[in-house]
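Visitor: Got a structure for you, questions after.
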Amino acid sequence: MSENPTGSSNSLFGSPDSKCSEEEDPLIGEHQRNNCHAQKPVDHYNGTYIIFFMLGVGSSLPWNFICTAKHYWIYKLRNCSDLPIIEGAGVSDLGDYFESYFSIASSIPSVPCLILNFYLVNRISSQARILSSLVVMLLIFIFTTVLVKVDTSFWTQEFFAVTLICVAVLSGASNILTASVFGVTGRFPMKHSQSLISGQAMGGTVSALAAILDLSIASNVTDSALAYFLTADLFLLICICLYLILPRIEYSSYYLNIKEEEGPHVTEADVSEETVDISSTKTNSPPILPILKKVKVLAACLFYTFFISIIIFPTISAGIESVEKLSGSIWTNKYFTPMICFLTYNFADWSGRQITTWIQSPGPTSKILPTLVFLRTFFIPLFMFCNYQPRKHIYQVLFQNDVYPVMFITLLGFSNGYLGTLSMVYGPKVVPKEFSEGTAIVMSFFLGLGLAIGSAFSSLVHLI
């Protein structure tokens, strides 16, 4: 992999390499430029790139493993059929609606944790925030794994409440982890931000593949879930080890240590009055209002992209059944949901994120980007008119072929990955470098806000 796979994006935003050029950055003196050329290390075997990719996988893996294990949760919650789940909706089977509660529980801590992370960015080191988040996620997931073999049939309601708390804590730790790591990648060339975001999507793909594998070889539901969750435990442990290795790599150490030495990494044409105000502000926390002025459109795009995605996935998409389900085949009954809903979406999401490594279009100031983001609204009715079950007031299934949900889920995942990644990686690149970490956390806040509000809206789907 080349040192600069992002192509023309560097000419727009500037890259760490450009800091060695007097024409591109006159703020750097001749002595520092000579040292830059002489001392800049190489990312041997793309080790740093791979570590950020693996951290991206680890940050999304717990949530994806939880929401993908649908058969396990239906088995565990089988004694909750008499619970009034949604008031006034006549819903009585928790096994049909637990995804909505998981989505809400995962989104509730997102906003406060991201706000907390923003104010801690200059008070607590990124290393402390990242390691503590990984350890919390590992401990919570180990506890979730232990519960697999515990008989919860006599305290199902309490088990579900405990599970929701675990989901909330996992989500909060994951949000702090993601925002902190993404802030760190803001000090590196753009390809490392993209590797982190691609890794997050790959976490969903890995979980979907693991779920399908476990379903095919395990003798029963609990054995399958145990092997499934143990995989996530092991991966989180690997992520902790990899992050401890990161600062010991010469290449990553170089970028981690030049944060305060380099000037702004936007070109002179991009430096506005707001940017100057940002650079001149020295506080314990990044100056949020000037940052928002620079990234408000990108932040809105990021918010709305994930707002639409979380409404549909997994609440609606996991409820879509094969139109041939009554045939009794193993494909339409056992593998349809994990293959079509989870694997297809996550692979398409990963593909969309990965393509941004080579293509960055539309640009950060283009009106096409917010237009494409808004057009994703029409995915909601498209999914609702597939064979979504249970149906309440929308009785007609317009798309009477399984090819339609496959096509819609593919487009939903791909657009989420591509448009979400562009919005995310553009943000930290249009502010001075010393505020890239704070900007990354601001962008993560809007991502989390979109997920939180979208999750609340997703619960209303059951009333339709």
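The values are calculated or read from the model by the stated rules, or taken from the named source; none is laboratory data. On a predicted model such as this, the values are computed, not experimentally measured, just so you know. Glycine gets a Cβ as well: all are built from the backbone with ideal geometry, and neighbour counts include every protein chain shown. Areas reflect the complete protein model, heavy atoms only, side chains present, ligands, DNA and RNA absent. Shrake-Rupley method; radii C 1.70, N 1.55, O 1.52, S 1.80 Å.
Visitor: Would you mind finding the one in LEU215, LEU138, LEU177 that is among the aliphatic types (A, V, I, L, M), under 29 Å from ARG353 (Cα atoms) and buried (at least 24 other Cβ atoms within 10 Å of the Cβ)?
Guide: The unique qualifying residue is LEU177.
Visitor: Restricting to the stretch 401-412, name every residue that is of a type outside the set (S, T, N, Q) and either surrounded by fewer than 20 Cβ atoms within 10 Å (Cβ to Cβ) or touching a Cys at 6+ places or on another chain (Cβ under 8 Å) (or both).
Guide: Residues satisfying the conditions are VAL403, TYR404, PRO405, VAL406, MET407, PHE408, ILE409, LEU411.
Visitor: Might you check whether a residue that is in a loop (DSSP other than H, G, I, E, B) and either out of contact with any Leu (no Cβ under 9 Å at 6 or more places or on another chain) or at pLDDT 80 or above (or both) occurs anywhere in the stretch 438-459?
Guide: no
Visitor: Okay, next question. How many of the residues making up the stretch 439-457 are over 15 Å from the mean Cα position of the chain (by Cα) and crowded, with 23+ Cβ neighbours inside 10 Å?
Guide: Count: 1.
Visitor: While we're looking at this one, here's another question. Tell me, yes or no, whether the stretch 381-390 has at least one residue that is crowded, with 22+ Cβ neighbours inside 10 Å and either more than 26 Å from ASN64 (Cα to Cα) or not small (Gly, Ala, Ser) (or both).
Guide: yes
Visitor: Of all residues in the stretch 273-292 being under 19 Å from VAL425 (Cβ atoms) and at pLDDT 85 or above, which is least open to solvent (accessible area, probe 1.4 Å)?
Guide: Ranking the qualifying residues of the stretch 273-292, first place goes to ILE291.
Visitor: Within the stretch 423-434, work out how many residues are at pLDDT 80 or above, assigned to a helix (DSSP H, G or I) and either open to solvent by 10 Å² or more (accessible area, probe 1.4 Å) or not small (Gly, Ala, Ser) (or both).
Guide: Number satisfying all stated conditions: 6.
Visitor: Quick one: LEU398 ticks every box in (1) open to solvent by 60 Å² or more (accessible area, probe 1.4 Å); (2) in a helix (DSSP H, G or I) except a single one, so which number is it?
Guide: (2)
Results for (1) open to solvent by 70 Å² or more (accessible area, probe 1.4 Å); (2) more than 20 Å from SER171 (Cα to Cα); (3) modelled with pLDDT of 85 or more; (4) in contact with a Cys (Cβ under 6 Å, 6 or more places away or on another chain), shown as yes or no for each residue.
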{"site": "HIS37", "(1), (2), (3), (4)": "yes, yes, no, yes"}
{"site": "PRO41", "(1), (2), (3), (4)": "no, yes, yes, no"}
{"site": "LEU116", "(1), (2), (3), (4)": "yes, no, no, no"}
{"site": "LEU120", "(1), (2), (3), (4)": "no, no, no, no"}
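Visitor: Condition check: open to solvent by less than 10 Å² (accessible area, probe 1.4 Å), more than 20 Å from THR421 (Cβ to Cβ), of a type outside the set (A, V, I, L, M) and touching a residue at least 40 places away in the same chain (Cβ under 8 Å). Does SER322 satisfy that?
Guide: Yes, satisfied.
Visitor: Pairs needed: first member in the stretch 200-223, over 16 Å from ILE340 (Cα atoms) and without any contact (Cβ under 8 Å) to a residue 12 or more places away in the chain; second member anywhere, in a helix (DSSP H, G or I) and open to solvent by less than 60 Å² (accessible area, probe 1.4 Å); C-beta distance under 7 Å; at least 6 residues apart or different chains.
Guide: ALA218/SER224; ALA218/ALA227
Visitor: When you look at LEU196, is it under 20 Å from PHE229 (Cα atoms) and either touching a helix residue (DSSP H, G or I) at 6+ places or on another chain (Cβ under 8 Å) or surrounded by fewer than 19 Cβ atoms within 10 Å (Cβ to Cβ) (or both), yes or no?
Guide: Considered against the rule, which asks whether it is under 20 Å from PHE229 (Cα atoms) and either touching a helix residue (DSSP H, G or I) at 6+ places or on another chain (Cβ under 8 Å) or surrounded by fewer than 19 Cβ atoms within 10 Å (Cβ to Cβ) (or both), LEU196 comes out as no.
Visitor: Output the residues belonging to the stretch 218-254 that are in a helix (DSSP H, G or I), of a type in the set (Ser, Thr, Tyr) and surrounded by fewer than 21 Cβ atoms within 10 Å (Cβ to Cβ).
Guide: Once the filter is applied, which keeps residues that are in a helix (DSSP H, G or I), of a type in the set (Ser, Thr, Tyr) and surrounded by fewer than 21 Cβ atoms within 10 Å (Cβ to Cβ), the stretch 218-254 yields THR222, THR231, TYR251, SER253, TYR254.
Visitor: Any idea which of TYR345, TYR335 is under 17 Å from SER322 (Cβ atoms), surrounded by fewer than 18 Cβ atoms within 10 Å (Cβ to Cβ), hydroxyl-bearing (Ser, Thr, Tyr) and touching a Ser or Thr at 6+ places or on another chain (Cβ under 9 Å)?
Guide: After ruling out the rest, the residue left standing is TYR335.
Visitor: Looking at the stretch 224-242, is at least one residue free of Cβ contacts under 8 Å to residues at least 60 places away in the same chain, out of contact with any Lys or Arg (no Cβ under 9 Å at 6 or more places or on another chain) and more than 14 Å from ILE130 (Cα to Cα)?
Guide: Checking the stretch 224-242: at least one residue is free of Cβ contacts under 8 Å to residues at least 60 places away in the same chain, out of contact with any Lys or Arg (no Cβ under 9 Å at 6 or more places or on another chain) and more than 14 Å from ILE130 (Cα to Cα).
A quick yes/no check of all residues on (1) surrounded by fewer than 21 Cβ atoms within 10 Å (Cβ to Cβ); (2) in a helix (DSSP H, G or I); (3) at pLDDT below 85:
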position: HIS31; (1), (2), (3): yes, yes, yes
position: ILE66; (1), (2), (3): no, yes, no
position: TYR75; (1), (2), (3): yes, yes, no
position: ILE85; (1), (2), (3): yes, no, yes
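Visitor: Okay, moving on. Going through the stretch 356-374 one residue at a time, which ones are closer than 15 Å to ALA300 by Cα and either touching a strand residue (DSSP E or B) at 6+ places or on another chain (Cβ under 7 Å) or loosely packed, with under 12 Cβ neighbours inside 10 Å (or both)?
Guide: Passing the criteria: LYS367, ILE368, THR371.
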